[in-house]
Amino acid sequence: MPQPLFFDQIKYIPPIEIAMHRGLWSFVLLFILLLFSNEIKKFLAIFKLSKNIIILSITGILIAVNWTGFIYSVSIQQVQDASLGYFLTPMISIVLGFIFLNEKLNISKGISVFLMLVACLILFLSLGSFPLIAVLIGTTWAVYGLLRKQIQVSPAIGLLFESGLITILALPYLIYLSFLNIGYISLTFSFNTIMLLLTGAVTIFPLFFFNLGLKHVPLGLAGVLFYIAPSFHFITSVFVLGEYMEFNKILAFIIIWIGVGIFIFDAIKQKDYLE
């Protein structure tokens with residue numbers, strides 16, 4: 001089940017509560033998987049370098065904000081904005097790389113960034129409001145990727161630390177909700193409880209299979225695969241969830257897709273892709 005459809009089933013639960021459960025159960029599931037694969041030693045090695053701890057603590061906060069933004073977009077029926085955010089990610093990454101890593105901005109990347117700015121301007125002028133959700137999701141994911149590139153930690157090991165950090169923050173909050181009897185999880189296997197427990201699987205398994213697939217496909221194709229998820233999010237929002245699609249949003253998406261196409265072509269040509 002695509003993530004928008006999954007989270008749409010529990011959109012009445014506060015996004016922050018879902019995000020906290022997502023972090024908690026992702027940590028539990030991932031810890032079990034790494035325990036059986038004998039990779040816990042690699043996780044413990046993270047704590048030998050303060051740089052790893054600092055960066056992963058920041059990325060943990062970023063991913064929590066990203067998750068909350070996505071879940072919130074589903075709850076208010078703005079999955080299109082979330083989809084747009086993930087499409088914006090590579091262009092924002094280009095800008096961040098140019099500013100912080102002194103990466104060169106070639107013509108193709110320059111055009112991609114320009115198209116991103118045009119699309120955001122169209123949305124801003126036509127909707128009369130800043131596309132906050134899209135920019136929040138795109139920026140947090142781009143900064144997340146920028147920071148994760150600064151350390152040599154595998155995605156699974158890094159996510160275990162990040163979800164563990166979220167768990168440390170989540171447990172007092174979730175216990176507090178349970179104490180006040182206003183939380184949505186219970187000791188019985190109710191629909192809410194099952195869905196909240198499954199948030200870990202919904203998070204971990206797509207990541208696991210995506211990273212597994214990266215080992216068996218060409219680099220250029222791997223770059224294209226990054227856009228499958230937001231494409232499905234967009235299709236789901238329109239044809240399944242019934243979100244209304246304004247003309248100006250269609251125009252903005254077309255411009256962004258052109259920018260993404262240019263980015264993918266340049267990535268394949270340069271044998272590079274967004275990680």
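The values are calculated or read from the model by the stated rules, or taken from the named source; none is laboratory data. Predicted, not measured: the structure shown is a model, and the values here were computed from it. All Cβ positions, glycine included, derive from the backbone under ideal geometry; neighbour counts span all protein chains shown. Calculation scope for accessible area: heavy atoms of the full protein, side chains included, ligands and nucleic acids excluded. Shrake-Rupley method; radii C 1.70, N 1.55, O 1.52, S 1.80 Å.
Size descriptors for the chain (Cα atoms only): Rg and Dmax, in that order, 19.0, 58 Å. Taken about its Cα centre, the chain carries a charge dipole of roughly 700 debye when the Cβ of each Lys and Arg holds +1 and the Cβ of each Asp and Glu holds -1. Rounded to the nearest Å, what's the spacing between the alpha carbon centres of the stretch 88-106 and the stretch 161-189? Just the number, please. One Cα centre to the other: 37 Å. Taken over the chain, lysine pairs spaced eight or more positions apart, or on distinct chains, with alpha carbons under 25 Å apart number 21.
Kindly give Rg over Rh for the stretch 1-153, based on alpha-carbon atoms, with the Kirkwood expression for the hydrodynamic radius.
Numbers: Rg = 17.8 Å, Rh = 17.4 Å.
Ratio of gyration radius to Kirkwood radius for the stretch 1-153: 1.02.
Excluding ligands, DNA and RNA, the accessible surface per residue across the chain is 52 Å² with a 1.4 Å probe. Label zone (residue 107, point 7 Å along Cα-to-C-beta; backbone nitrogen cut-off 19 Å) within the stretch 228-263: 258-263. GNM on the chain, alpha-carbon springs under 10 angstrom: the most fluctuating residue among 184, 12, 72 is 12.
In the chain, what percent of the accessible surface is made up of carbon and sulfur (1.4 Å probe, ligands and nucleic acids excluded)? Carbon with sulfur: 73 percent of the solvent-accessible area. Need one word for the stretch 73-176: rounded, prolate or oblate. Basis is the Cα gyration tensor (sqrt eigenvalues a ≥ b ≥ c); a/c below 1.5 gives rounded, then a/b vs b/c decides. Oblate is the answer for the stretch 73-176, as a/c is 1.5 or above yet b/c matches or exceeds a/b.
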